[in-house]
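Everything on this sheet refers to the single structure shown next.
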Ligand code: UT7
């Protein structure tokens, strides 16, 4: 029985910080509203002219450096993103080229905020097949490139960042133990980008109407996020015979602190076991979960039971039971 295990992690967030105070100068909002309703204090912004691949390249380069893996031995680079640099080619092709993974095939996975979980399961299945030994899953978004800074209901929410993991085979009982993924396409109307795709290509009108940015009916999405994310995580815990005592870490998508708290409460897991960095980075979409793993790496031990959970546009959502593969931070 071959399992797929994460054997290293890299991450990158841009240096530029956009605070709640900065946002309150753009739209009618306050630091207090954003902090109490969402849990965000500040987020990072990638400069103009740079795409998601820039962050992916930094994250993958760090991963290569920390693990010592030879990039020529990487067989696939899978990038989960909604904000690829260009409609085509993929961000993964750019990341693979600029990180020296030149023997790898590359493709993007578009699972919105649940994208990392979709890509992780995809990569894990290549490893489990026995045909592949080294796969990089990189996930993140330049959400500020699709944010409307005249809309107070969405502009405080998003930030930019990327994480990357190396997947390798093992015969030990560690790694990606179980995955539950779901999609409900009826969620379309509540969370989408109106123009820029084949249905409504860019036009002067679409630009004037801010149709190239996130459209979200927040309250509606919130309701579904709370129940679907918690349900998925609870199902994964239950069907693997785990109790709340067995869960060492909950790694939730960082969209709203209230959604994170609801998920942790549903699992009966205390606050100190829940990874939260939304206050620093906001919602980086596919980037949130790998960025949490990246920041918590030094606290993780081999065999720790992690429950990952995410929810996003589509609606897409899911949960992963991960048994961590190594002790502490890789140099
Ligand atoms: O990651 C992908 C999936 N996305 C999510 O999971 C996001 C889910 N949704 C949410 O996190 C929350 O719904 C939001 C953070 C987007 C909004 O929070 P909320 O508590 O649901 O607020 P609301 O939309 O119900 O609005 C409450 C009030 C409204 O005023 P009235 O109608 O009660 O007078 C809004 O106009 O808050 C007002 N409001 C604001 N006030 C100050 C909305 N945005 C702001 C703002 N500053 N930025």
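Overview of values
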item: Selected residue [within 30 Å of residue 130 (Cα to Cα), touching a helix residue (DSSP H, G or I) at 6+ places or on another chain (Cβ under 7 Å), in contact (Cβ under 8 Å) with a residue 12 or more places away in the chain and away from the ligand (no atom under 16 Å from the Cβ)] from 96, 56; result: 56
item: Residue in region 115-136 that is surrounded by the fewest Cβ atoms within 10 Å (Cβ to Cβ), counting only those that are touching a helix residue (DSSP H, G or I) at 6+ places or on another chain (Cβ under 8 Å) and closer than 23 Å to residue 229 by Cα; result: 119
item: Residue list for region 145-174, filter: touching a helix residue (DSSP H, G or I) at 6+ places or on another chain (Cβ under 9 Å), surrounded by 17 or more Cβ atoms within 10 Å (Cβ to Cβ) and closer than 21 Å to residue 15 by Cα; result: 145, 155, 156, 157, 158, 159, 160, 161, 162, 163, 164
item: Any hit, region 258-265, residues being buried (at least 18 other Cβ atoms within 10 Å of the Cβ), away from the ligand (no atom under 13 Å from the Cβ) and free of Cβ contacts under 8 Å to residues at least 40 places away in the same chain; result: yes
item: Hey, residue 219 more than 20 Å from the chain's Cα centre (by Cα), assigned to a helix (DSSP H, G or I) and on the phi < 0 side of the Ramachandran plot or not; result: yes
item: Some residue of region 255-264 being assigned to a helix (DSSP H, G or I) and within 15 Å of residue 320 (Cα to Cα); result: yes
item: Given (1) closer than 24 Å to residue 84 by Cβ; (2) in contact with a strand residue (DSSP E or B) (Cβ under 7 Å, 6 or more places away or on another chain); (3) within 16 Å of the ligand (Cβ to nearest atom), number of the condition residue 228 does not satisfy; result: (1)
item: Of all residues making up region 236-257, the number that are within 14 Å of the ligand (Cβ to nearest atom) and either under 20 Å from residue 165 (Cα atoms) or surrounded by fewer than 21 Cβ atoms within 10 Å (Cβ to Cβ) (or both); result: 4
item: Counted residues, region 205-220 - those being in contact (Cβ under 8 Å) with a residue 60 or more places away in the chain and near the ligand (Cβ under 8 Å from one of its atoms); result: 2
item: Filtered residues of region 68-93 (kept if touching a residue at least 40 places away in the same chain (Cβ under 8 Å) and either within 17 Å of the chain's Cα centre (by Cα) or assigned by TED's automatic domain parsing to the domain that holds residue 253 (or both)); result: 77, 78, 79, 80, 81, 82, 83, 91, 92
item: Extreme residue, farthest from the ligand (Cβ to nearest atom), among residues of region 6-32 that are in contact (Cβ under 8 Å) with a residue 60 or more places away in the chain and surrounded by fewer than 19 Cβ atoms within 10 Å (Cβ to Cβ); result: 26
item: Which listed residue is in contact (Cβ under 8 Å) with a residue 40 or more places away in the chain, at positive phi and buried (at least 17 other Cβ atoms within 10 Å of the Cβ), from 282, 303, 325, 287; result: 282
item: Subset of region 272-308 [assigned to a strand (DSSP E or B) and more than 25 Å from residue 91 (Cβ to Cβ)]; result: 274, 305, 306, 307
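The values are calculated or read from the model by the stated rules, or taken from the named source; none is laboratory data. These figures come from a predicted structure and were not determined experimentally. Backbone-built Cβ (ideal geometry, glycine too); neighbour counts: all protein chains shown.
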